[in-house]
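The structure appears right after this line, and notes come after that.
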Amino acid sequence: MTSLTGKIAIVTGASSGIGAASAHALADAGATLVLVARRADRLAALAAELGADCLPFVADMAEADAPQRLHEKVMAQFGRADILVNNAGILHAAPIDQFDLDQLRPMIALNYEAVVRTCTLFGRSMKAAGTGQIINISSIGANIIAPGVGVYGGLKRALEAFTDCLRVELAGSGVKVGIVAPGTTSTEIFEDMKARGQPAWDSFIPAMQPGDVADAVRYMASQSDRTSMARIQVYAAADTH
């Protein structure tokens with residue numbers, strides 16, 4: 001694997017869970033981090049842990065202009081972006097008679113639209129530079145057909161279709177595009193379930209920790225220029241409860 005020393009890496013949803021763990025993993029490999037999330041206090045604490053070179057960027061990526069503002073900030077500060085990890089996402093899963101339709105647009109905005117906007121803006125810059133890596137965090141839920149998960153799984157499936165098309169479009173340009181698709185991972189994404197008294201998946205399904213997924217992100221980002229890794233799918237090996 002190659003060193004990430006000197007690379008500029010952007011991680012969305014960096015204030016907790018897989019995002020925070022991925023930021024640590026990429027920083028440990030030598031990258032300079034741009035940390036993106038809504039919670040300023042969490043970002044400041046994470047930036048303090050990772051070092052003075054980190055750039056916290058407070059934004060709700062579900063807002064239509066947030067990807068553009070992020071792109072402008074990164075280009076102004078560093079002049080380039082080498083690694084983009086689109087991790088920010090939310091989960092609302094419920095049977096049809098309980099699904100809150102007010103959650104639909106926020107899920108579309110963050111889980112899909114924000115990824116498309118961010119990939120497009122940074123993909124253009126990376127293509128112009130002739131180098132770069134985009135890693136989109138999906139889920140095994142993209143290929144699971146089960147009651148209550150149609151919206152979340154459908155959006156992840158759409159994200160994967162977009163990502164695969166982008167990878168093909170950018171092939172040969174120097175820009176690599178890949179998917180990391182984790183199984184159940186213990187993070188704050190299950191807070192909505194818990195708040196509604198619904199059993200969170202990590203309470204009854206073997207679950208990974210965020211660092212397990214971050215290892216896959218780092219591995220994909222650290223491949224040599226000769227290889228383009230399209231997908232890593234990660235499951236828990238055994239019940240850890």
**Message:** Looking at the stretch 182-238 only, could you name the residues that are without any contact (Cβ under 8 Å) to a residue 60 or more places away in the chain, farther than 20 Å from A94 by Cβ and of a type in the set (V, I, T)?
**Reply:** T227, I232, V234
**Message:** Residue under question is R80, and the condition is that it be among the basic types (K, R), closer than 16 Å to C119 by Cα, out of contact with any Leu (no Cβ under 8 Å at 6 or more places or on another chain) and open to solvent by 50 Å² or more (accessible area, probe 1.4 Å); does it hold?
**Reply:** yes
**Message:** Which of the strands (runs of 3 or more DSSP E) found entirely inside the stretch 9-106 contain at least 3 residues meeting this: closer than 25 Å to G154 by Cβ and under 19 Å from the mean Cα position of the chain (by Cα)?
**Reply:** 83-86
**Message:** If a residue must be outside any helix (DSSP H, G or I), under 30 Å from V168 (Cβ atoms) and β-branched (V, I, T), how many such residues does the stretch 185-241 contain?
**Reply:** 4
**Asked** Out of the stretch 14-42, which residues are closer than 19 Å to F122 by Cβ and open to solvent by less than 20 Å² (accessible area, probe 1.4 Å)?
**Response** A14, G19, S22, A23, L26, A31, L33, V34, L35, V36, A37
**Request:** Scan the stretch 134-186 residue by residue and report those that are modelled with pLDDT under 95, open to solvent by 20 Å² or more (accessible area, probe 1.4 Å) and touching a strand residue (DSSP E or B) at 6+ places or on another chain (Cβ under 6 Å).
**Result:** I140
**Fill in**
Scanning the stretch 76-90 for residues that are touching a helix residue (DSSP H, G or I) at 6+ places or on another chain (Cβ under 7 Å) and farther than 16 Å from P106 by Cβ gives R80, A81, I83, L84, V85, N86, N87
**Message:** With surrounded by fewer than 17 Cβ atoms within 10 Å (Cβ to Cβ) and within 21 Å of the chain's Cα centre (by Cα) as the only criterion, which of Q198, Q223 stands out?
**Reply:** Q223
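The values are calculated or read from the model by the stated rules, or taken from the named source; none is laboratory data. Not measured: the values here are computed from a predicted model. A quick note on method: Cβ atoms are made from the backbone with ideal geometry, for glycine too, and the neighbour counts reach across all protein chains shown. These accessible areas exclude ligands, DNA and RNA; they are computed on the full protein's heavy atoms, side chains included. Shrake-Rupley method; radii C 1.70, N 1.55, O 1.52, S 1.80 Å.
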